[in-house]
Amino acid sequence: MSETIFSSFETVTYEGPSSEKALAYRWYDADRVVLGKPLKDHLRFAVAYWHSLAMRGGDPFGSATLQRPWFAAGDPIAQAKVQADAAFELFRVIGLPFFCFHDADIAPGGETLAETLKNFHTMVDYFEEKMSKYSTKLLWGTANLFSHPRFMAGASTNPDPEVFAWCAATVKNCMDATKRLGGSNYVLWGGREGYETLLNTNMKQELDQMGRFMNLVVEYKHKIGFEGQILIEPKPKEPTTHQYDFDVATVYSFLKRYGLEKEIRVNIEANHAMLAGHTFEHEISTAGALGIFGSLDINRGDALLGWDTDQFPNELWAMTMSMYHVIKAGGLTKGGCNFDAKVRRQSFTAEDMVHAHVGGADLCARAFLTAAKLIEDGRYDAILAERYAGWKSPEAVAMLEGKVSLDQIEAAALKNGINPQPRSGKQEQIENLLARLIYTDAL
Ligand code: XUL
Ligand code: CO
């Protein structure tokens with residue numbers, strides 16, 4: 001193994017909130033038991049290979065800035081191996097339990113499908129070897145079906161069936177690799193599953209193609225006995241103007257339409273939620289209500305910009321309420337918190353990369369501990385329970401369970417003569433209670 005830019009760093013450890021050390025966990029005490037299990041098993045943090053290892057820091061106006069020596073390490077496979085050596089050293093330094101990858105992040109593409117898959121499997125072999133030497137596990141694998149020009153008109157929704165077939169072959173191989181590396185989930189983000197103009201688009205045809213593709217994925221999952229979750233990652237726009245997997249609710253309607261609502265869940269990304277005009281917690285709560293909550297891509301956007309800035313999270317209130325809804329949705333079982341976040345172009349050193357992950361994990365850990373405290377405290381849940389308490393009466397239960405018809409409800413309402421009176425929604429009271437619970441160091 002070659003010396004890497006992360007090799008000189010000590011493994012970052014938990015030191016507690018009062019630590020003055022620049023690189024230390026203040027809130028992420030991985031083994032601390034909260035709500036019945038260790039924090040690390042609630043949060044299941046993952047490093048995103050694409051942002052942390054494969055990105056070079058270019059933007060539409062400027063070239064690469066990030067200091068990543070592996071891009072000059074010889075032929076493409078040699079480069080990919082040096083990059084993997086650095087990746088596993090980064091995982092060791094930050095001590096987070098998982099990583100996630102796309103095929104194209106870990107292996108160079110080839111001229112043909114066969115060559116591309118050969119490169120991929122060479123690197124999967126290398127990853128298997130690395131994983132036997134380090135403790136980091138795979139949270140999820142995925143296929144990049146959006147960067148290469150062949151995908152410019154979509155992947156499974158492409159007007160060209162040969163592109164559909166290329167994508168099917170690629171996903172089959174990525175699912176095989178994910179299973180082989182012990183992945184807990186397989187993710188599909190429809191990078192270009194949408195359109196730029198309806199003038200050249202047959203939407204029904206494209207949706208049927210995507211529905212068939214997802215069914216093929218699910219059939220293959222069962223065929224190979226992959227026990228992980230299959231997840232779709234909603235995003236409303238970027239790169240295409242209109243994306244078919246706009247938000248959680250849209251994905252749910254797609255899953256229902258193609259008979260997949262029991263088979264596929266969602267990987268919800270904070271910045272994507274913002275682009276859809278929602279909050280992260282709205283999307284988590286929607287998935288919880290619809291029974292399709294799966295996993296999280298944990299980054300933040302910028303309210304002043306209209307695109308996916310993929311920054312490391314640092315908003316305590318928003319993240320606390322998101323974690324509250326995660327717990328209410330049943331928690332991250334096989335899912336996790338993937339840092340689908342990148343350092344800024346000026347943060348080009350190895351040290352910046354370590355700070356970014358440590359700060360992000362600390363913020364999420366603090367938010368989770370606060371959300372758990374909020375639940376254990378009980379006052380917030382009591383306000384909510386009181387607001388809906390009327391629905392516990394036998395008459396209300398009968399209405400909700402479909403035991404009475406519209407005319408029976410009318411007759412009962414006329415008979416009891418109740419004139420409903422407005423009640424306070426208590427928004428400010430709730431905000432004040434939450435502010436007291438969130439912005440305190442006592443956890
Ligand atoms: C793009 C995005 C992707 C997916 C994986 O916005 O979030 O990185 O997470 O393809
Ligand atoms: Co993402």
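The values are calculated or read from the model by the stated rules, or taken from the named source; none is laboratory data. No experiment lies behind these values; they were computed from the predicted model shown. Here the Cβ positions follow ideal geometry from the backbone for every residue, glycine too, while neighbour counts run over all protein chains shown.
Results, tabulated for the structure shown:
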{"quantity": "Filter result for the condition that a residue is part of a loop (DSSP other than H, G, I, E, B), within 23 Å of the chain's Cα centre (by Cα) and surrounded by fewer than 18 Cβ atoms within 10 Å (Cβ to Cβ), over SER135, SER156", "calculated": "SER135"}
{"quantity": "Filter result for ARG26 (in contact with a Gly (Cβ under 7 Å, 6 or more places away or on another chain), at positive phi and not small (Gly, Ala, Ser))", "calculated": "no"}
{"quantity": "Residue selected from region 309-334 under the condition over 17 Å from ASN185 (Cα atoms), of a type in the set (D, E, K, R) and not in a helix (DSSP H, G or I), by the criterion nearest to the chain's Cα centre (by Cα)", "calculated": "ASP310"}
{"quantity": "Enumeration of residues in region 335-349 that are touching a helix residue (DSSP H, G or I) at 6+ places or on another chain (Cβ under 8 Å) and either surrounded by 20 or more Cβ atoms within 10 Å (Cβ to Cβ) or assigned to a strand (DSSP E or B) (or both)", "calculated": "GLY336, CYS337, PHE339, ASP340, ALA341, LYS342, VAL343"}
{"quantity": "Helices (runs of 4 or more DSSP H) contained in region 352-438 and holding at least 2 residues farther than 30 Å from LEU53 by Cα and touching a residue at least 40 places away in the same chain (Cβ under 8 Å)", "calculated": "379-387, 427-438"}
{"quantity": "Residue that is nearest to the chain's Cα centre (by Cα) [pool: residues in region 202-223 that are surrounded by fewer than 13 Cβ atoms within 10 Å (Cβ to Cβ) and not charged (D, E, K, R)]", "calculated": "HIS222"}
{"quantity": "The one condition in (1) within 17 Å of the chain's Cα centre (by Cα); (2) within 16 Å of ligand 2 (Cβ to nearest atom); (3) surrounded by fewer than 21 Cβ atoms within 10 Å (Cβ to Cβ); (4) not aromatic (Phe, Trp, Tyr) that ARG300 fails to fulfil", "calculated": "(3)"}
{"quantity": "Selection within region 32-84 - within 16 Å of ligand 2 (Cβ to nearest atom) and of a type in the set (A, V, I, L, M, F, W, C)", "calculated": "PHE45, ALA46, VAL47, ALA48, TRP50, LEU53, ALA54, MET55"}
{"quantity": "Yes/no for TYR388 being at pLDDT 95 or above, away from ligand 2 (no atom under 16 Å from the Cβ) and under 17 Å from the mean Cα position of the chain (by Cα)", "calculated": "no"}
{"quantity": "Residue count, region 92-119 (criterion: surrounded by fewer than 24 Cβ atoms within 10 Å (Cβ to Cβ) and hydrophobic (A, V, I, L, M, F, W, C))", "calculated": "6"}
{"quantity": "Within region 233-283, tally of residues that are within 21 Å of GLU219 (Cα to Cα), touching a Gly at 6+ places or on another chain (Cβ under 7 Å), away from ligand 2 (no atom under 14 Å from the Cβ) and in a loop (DSSP other than H, G, I, E, B)", "calculated": "1"}
{"quantity": "3 or more residues under 26 Å from THR309 (Cα atoms) and within 16 Å of ligand 1 (Cβ to nearest atom): qualifying helices (runs of 4 or more DSSP H) within region 1-120", "calculated": "103-106"}
{"quantity": "Selection from region 228-272 of residues that are farther than 22 Å from GLY141 by Cα and among the β-branched types (Val, Ile, Thr)", "calculated": "THR240, THR241, THR250"}
{"quantity": "Residue ID - nearest to ligand 2 (Cβ to nearest atom), chosen from residues in region 284-296 that are within 24 Å of GLY141 (Cα to Cα) and of a type in the set (A, V, I, L, M)", "calculated": "LEU296"}
{"quantity": "Any hit, region 175-186, residues being surrounded by fewer than 16 Cβ atoms within 10 Å (Cβ to Cβ), among the charged types (D, E, K, R) and over 20 Å from the mean Cα position of the chain (by Cα)", "calculated": "no"}
{"quantity": "Unique residue being closer than 17 Å to SER147 by Cα and assigned by TED's automatic domain parsing to the domain that holds HIS148 when the list is PRO76, PRO69, PRO38, PRO108", "calculated": "PRO108"}
{"quantity": "Flag for ALA276 being surrounded by fewer than 24 Cβ atoms within 10 Å (Cβ to Cβ), at pLDDT 95 or above, of a type in the set (A, V, I, L, M, F, W, C) and more than 24 Å from ILE438 (Cβ to Cβ)", "calculated": "yes"}
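The rows are residues; the columns are (1) touching a Pro at 6+ places or on another chain (Cβ under 7 Å); (2) away from ligand 1 (no atom under 14 Å from the Cβ); (3) in contact (Cβ under 8 Å) with a residue 60 or more places away in the chain.
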| residue | (1), (2), (3) |
| --- | --- |
| GLY182 | no, yes, no |
| LEU188 | no, no, no |
| GLN205 | no, yes, no |
| GLN209 | no, yes, no |
| GLY225 | no, yes, no |
| GLY228 | no, yes, yes |
| TYR244 | no, yes, yes |
| SER253 | no, yes, no |
| GLU261 | no, yes, no |
